[in-house]
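Engineer: Here's a structure for you.
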Amino acid sequence: MGNPSLTVRFAIFLSLSTITASSPPLIVSFSSKSSSPSPSPIPPKATPSDLLSLLGPTTRSSQVNPAVARQLTSCFKFLVPFAPSKPDNGRRRRLVPRRFFTTKAEEDNNNNVSAENQLVWWPPEPVLELARLAVDSGGDPDAIHRSLDPTVLLVPDVEGSKENKCELTRTPYGRRFISEEVNNYLEFLFKLIVARGPNIGLNVSLSRYDLFHGHVFLATETGRLGILFHAREYPAYDKEVFPYNMGFCQKGSNVTYDESMNLRNILWLAPLPSNSTKEWVAPGVLVVLDARPGGIIYRDIVPEYVDFVRTIYEDDFGDVVADVNYLNVGNTVPSHQIFIC
């Protein structure tokens with residue numbers, strides 16, 4: 001006895017074959033309502049250039065994608081108020097005070113916040129000369145190198161680093177700027193970061209495990225002089241919270257890995273001179289770059305392979321000039337000195 005299901009399937013096959021042979025091709029159309037929804041547009045990606053542009057004159061900041069600008073701005077935590085307005089070039093020199101913090105007590109008791117702000121917006125003349133030299137040279141690091149004193153300074157033991165086989169600096173020797181006022185200004189920046197950091201949730205100390213160095217660079221598109229400081233450099237190893245071995249320099253660290261790591265990148269930008277006149281088109285800036293997970297800096301600017309320590313790299317901003325180190329070379333009493341390596 002024949003298989004009825006096989007017979008039915010054979011009949012259907014013959015029927016379809018006949019229709020296909022005698023009918024025009026079947027064209028199936030789908031209305032827009034039945035089609036799958038188009039994928040969401042990819043959000044614009046922020047670049048280091050966008051970040052620097054937002055901290056410059058309006059002629060540059062206005063060119064940044066508005067969505068990117070809003071998200072980046074939400075990640076700026078200013079240690080000194082942002083003053084993007086055009087400077088009063090005629091009054092600048094009279095407003096710059098010639099003083100720097102010398103003791104912790106002076107930092108705590110100093111009421112002249114306006115004077116500190118002015119030092120960031122409009123640094124002493126030797127610093128302004130470096131800023132103009134950076135731009136006039138077309139962003140040539142050698143132009144800054146020529147401003148260094150040729151005297152070579154051996155980097156001494158720093159808080160027992162040699163005992164731990166720790167090499168903190170890029171080279172075992174360093175130099176300083178010919179202008180002592182520039183060296184003093186660098187010291188001022190380190191101390192100001194420590195003094196004002198708690199205002200935005202960043203509690204740092206001047207130690208070889210925490211804040212002791214920054215990276216001098218010249219911005220790619222403008223030649224603007226800048227320093228990217230890194231705090232929380234060597235968090236203590238913790239098998240639960242921070243299970244990462246960072247080498248000899250991590251040994252003995254008392255730096256706790258916590259949310260303050262999001263704030264470890266601190267950016268100083270010198271005032272930006274015009275490249276066609278003697279005017280200044282933007283004042284100086286001192287800002288913490290919030291690299292919190294979910295933020296645009298974390299997503300687009302922090303490399304994925306170092307996202308656990310939230311590191312932004314200075315060479316993404318421009319050509320690297322040197323490292324500026326502020327090291328405690330004292331034995332029993334802290335004594336910090338600048339070393340350019």
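Engineer: Using only the Cα atoms of the stretch 186-233, what are the Rg and Dmax in Å?
Structural biologist: For the stretch 186-233, the Cα radius of gyration and maximum Cα-Cα distance read 12.1, 34 Å.
Engineer: Would you mind calculating the gained length between ILE42 and ALA236 on full extension (0.36 nm times residue separation, minus the Cα-Cα distance), in nm to one decimal?
Structural biologist: Numbers: separation 194, 0.36 × 194 = 69.84 nm, distance 3.81 nm.
Between ILE42 and ALA236, full extension yields 66.0 nm more.
Engineer: A further question follows. Hey, what did the stretch 228-341 get for relative contact order, percent, Cα under 8 Å, at least 6 apart? Each step should come with its number before you reach the end.
Structural biologist: Numbers: 156 pairs, mean separation 19.6, N = 114.
Here the relative contact order equals 17 percent.
Engineer: Any idea what log10 I(q)/I(0) is at q = 0.11, 0.19, 0.21 Å⁻¹ for the stretch 235-341, Debye with uniform C-alpha scatterers and no solvent?
Structural biologist: -0.53, -1.24, -1.33
Engineer: Okay, next question. So how do SER276, SER53, SER161 line up by other beta-carbon neighbours within 10 Å, fewest first?
Structural biologist: Numbers: SER276 7, SER53 23, SER161 20.
Sorted ascending by nearby Cβ count, the order is SER276, SER161, SER53.
Engineer: Tell me, what ³J(HN,Hα) does each residue in the stretch 205-214 have, in order and in whole Hz, if you take phi through Karplus 6.51 cos²θ - 1.76 cosθ + 1.60 with θ = phi - 60° and put x for Gly and Pro?
Structural biologist: Result, ordered by residue: 10, 7, 8, 6, 9, 10, 9, 8, 8, x Hz.
Engineer: List LYS162, LYS77 from most exposed to least, where exposure is judged by having the fewest other Cβ atoms within 10 Å. Each step should come with its number before you reach the end.
Structural biologist: Working: LYS162 14, LYS77 17.
The order, fewest Cβ neighbours first, is LYS162, LYS77.
Engineer: OK, next. Within 10 Å of each residue's Cβ, count the other Cβ atoms and sort ARG60, ARG208 from fewest upward.
Structural biologist: The order, fewest Cβ neighbours first, is ARG60, ARG208.
Engineer: Ok, one more. Residue by residue through the stretch 318-334, which ³J(HN,Hα) values in whole Hz follow from phi under the Karplus form 6.51 cos²θ - 1.76 cosθ + 1.60 (θ = phi - 60°), with glycine and proline marked x?
Structural biologist: Residue by residue, the stretch 318-334 yields x, 7, 7, 9, 5, 9, 10, 10, 10, 10, 7, 9, x, 8, 9, 9, x Hz.
Engineer: Can you tell me the FRET efficiency between ASP136 and PHE82 if r is taken as the Cβ-Cβ distance and R0 is 22 Å, rounded to the nearest 0.05?
Structural biologist: Values: r = 25 Å, r/R0 = 1.15.
So, using R0 = 22 Å, E works out to roughly 0.30.
Engineer: Rg and Dmax of the stretch 48-340, using alpha carbons, in Å: what are they?
Structural biologist: Rg, Dmax (Cα atoms, Å): 18.6, 58.
Only the coordinates and a few stated rules stand behind these numbers; no lab work does. These numbers come from a predicted model, not from an experiment. A quick note on method: Cβ atoms are made from the backbone with ideal geometry, for glycine too, and the neighbour counts reach across all protein chains shown.
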